[in-house]
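Participant: Structure provided below as structure tokens; questions to follow.
The values are calculated or read from the model by the stated rules, or taken from the named source; none is laboratory data. It should be emphasised that the depicted structure is a prediction, and the values quoted were computed from it without experimental measurement. No Cβ is skipped: glycine too gets one built from the backbone with ideal geometry, and neighbour counts run over all protein chains shown. Just so you know, the surface numbers come from the protein's heavy atoms only, side chains and all, with ligands and any DNA or RNA stripped out. Shrake-Rupley method; radii C 1.70, N 1.55, O 1.52, S 1.80 Å.
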Amino acid sequence: ADAISRSLTAPHGAAIEAIKLQFGEAMVNADGSLSRDRMRELVFTDISAKQRLEATLHPLIKLEMQQQDQVAMTSGTKLIVYDIPLLVESQNWRAILDQILVIDCLESTQINRVMQRNTFKQVDVEKIIASQASRKMRNSAADILIFNDSITVEQLRERVTQVVKHVQQPIR
């Protein structure tokens with residue numbers, strides 16, 4: 001879902017015109033992409049802006065996911081994994097997913113990882129986390145939970161592979 005969102009908001013992506021209409025030209029960079037920094041600042045100070053952005057992006061993301069799903073099923077794919085960072089917040093996915101796998105870690109680890117990956121300040125990462133479903137809510141939505149605090153990426157990959165091998169029903 002996040003990769004699709006990024007493609008929709010890339011230079012001249014499918015959501016850019018709607019974003020211009022909703023938020024003005026200032027939210028679009030000179031190259032035709034979403035100004036993530038300006039939008040992030042706006043949505044963390046104005047809840048209605050966050051709701052309008054989600055109302056613009058989420059239907060487009062869901063449509064693209066359905067199209068990719070259909071292509072995969074037509075080609076004979078037996079297992080489809082959706083990577084949905086805001087799955088718990090949207091609350092629409094539970095009804096159409098067979099199982100939910102949550103990868104969890106301590107909040108301090110999450111903060112450090114986001115700061116390293118995105119070069120955000122700690123206060124900004126904390127605002128992002130505060131705007132999302134709590135860790136308890138995410139974990140309670142899980143059918144399968146993997147704790148990923150002190151394992152390597154390779155160990156995580158192996159655990160996910162083991163889970164997939166033992167799943168009785170397909171994960172979508």
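Participant: Right, Met115: of a type outside the set (Asp, Glu), modelled with pLDDT of 90 or more and under 16 Å from the mean Cα position of the chain (by Cα) or not?
Facilitator: Taking the combined requirement at face value, the residue does not satisfy it.
Participant: Please work out which residue is most open to solvent (accessible area, probe 1.4 Å), limiting yourself to the stretch 33-42 and to residues that are touching a residue at least 12 places away in the same chain (Cβ under 8 Å) and either assigned to a helix (DSSP H, G or I) or among the aromatic types (Phe, Trp, Tyr) (or both).
Facilitator: Arg38
Participant: Which one is nearest to Pro85 (Cα to Cα) among residues in the stretch 11-32 that are in contact (Cβ under 8 Å) with a residue 24 or more places away in the chain and open to solvent by 20 Å² or more (accessible area, probe 1.4 Å)?
Facilitator: Step by step, filter the stretch 11-32, then rank; the result is Ala14.
Participant: What residue, among those in the stretch 44-72 that are part of a helix (DSSP H, G or I) and of a type in the set (S, T, N, Q), is least open to solvent (accessible area, probe 1.4 Å)?
Facilitator: So, considering only residues that are part of a helix (DSSP H, G or I) and of a type in the set (S, T, N, Q), the one least open to solvent (accessible area, probe 1.4 Å) is Thr56.
Participant: Scanning for something under 24 Å from Thr45 (Cα atoms), without any contact (Cβ under 8 Å) to a residue 60 or more places away in the chain and in a helix (DSSP H, G or I), does the stretch 94-108 turn up at least one residue?
Facilitator: Looking through the stretch 94-108, at least one residue is under 24 Å from Thr45 (Cα atoms), without any contact (Cβ under 8 Å) to a residue 60 or more places away in the chain and in a helix (DSSP H, G or I).
Participant: Going through Met27, Met39 one at a time, which residue ends up being modelled with pLDDT of 95 or more, within 23 Å of Thr119 (Cα to Cα) and under 20 Å from the mean Cα position of the chain (by Cα)?
Facilitator: After ruling out the rest, the residue left standing is Met39.
Participant: May I ask you to verify whether Ile84 is within 30 Å of His166 (Cβ to Cβ), touching a residue at least 60 places away in the same chain (Cβ under 8 Å) and not charged (D, E, K, R)?
Facilitator: Taking the combined requirement at face value, the residue satisfies it.
Participant: Given the structure, is Asp104 open to solvent by 90 Å² or more (accessible area, probe 1.4 Å), under 26 Å from Leu156 (Cβ atoms) and under 15 Å from the mean Cα position of the chain (by Cα)?
Facilitator: When the stated conditions are applied, Asp104 does not pass them.
Participant: Looking at the stretch 118-156, which of its residues are free of Cβ contacts under 8 Å to residues at least 24 places away in the same chain, over 17 Å from the mean Cα position of the chain (by Cα) and not in a helix (DSSP H, G or I)?
Facilitator: Thr119, Phe120, Lys121, Ser150, Ile151, Thr152
Participant: If the requirement is being in contact with a helix residue (DSSP H, G or I) (Cβ under 6 Å, 6 or more places away or on another chain) and among the hydrophobic types (A, V, I, L, M, F, W, C), which of these qualifies: Ile100, Ile16, Ile4?
Facilitator: Answer to the check: Ile4.
Participant: Which condition number in (1) among the hydroxyl-bearing types (Ser, Thr, Tyr); (2) in a helix (DSSP H, G or I); (3) farther than 18 Å from Ala133 by Cα is the one that Thr77 fails?
Facilitator: So Thr77 meets the others, but not (2).
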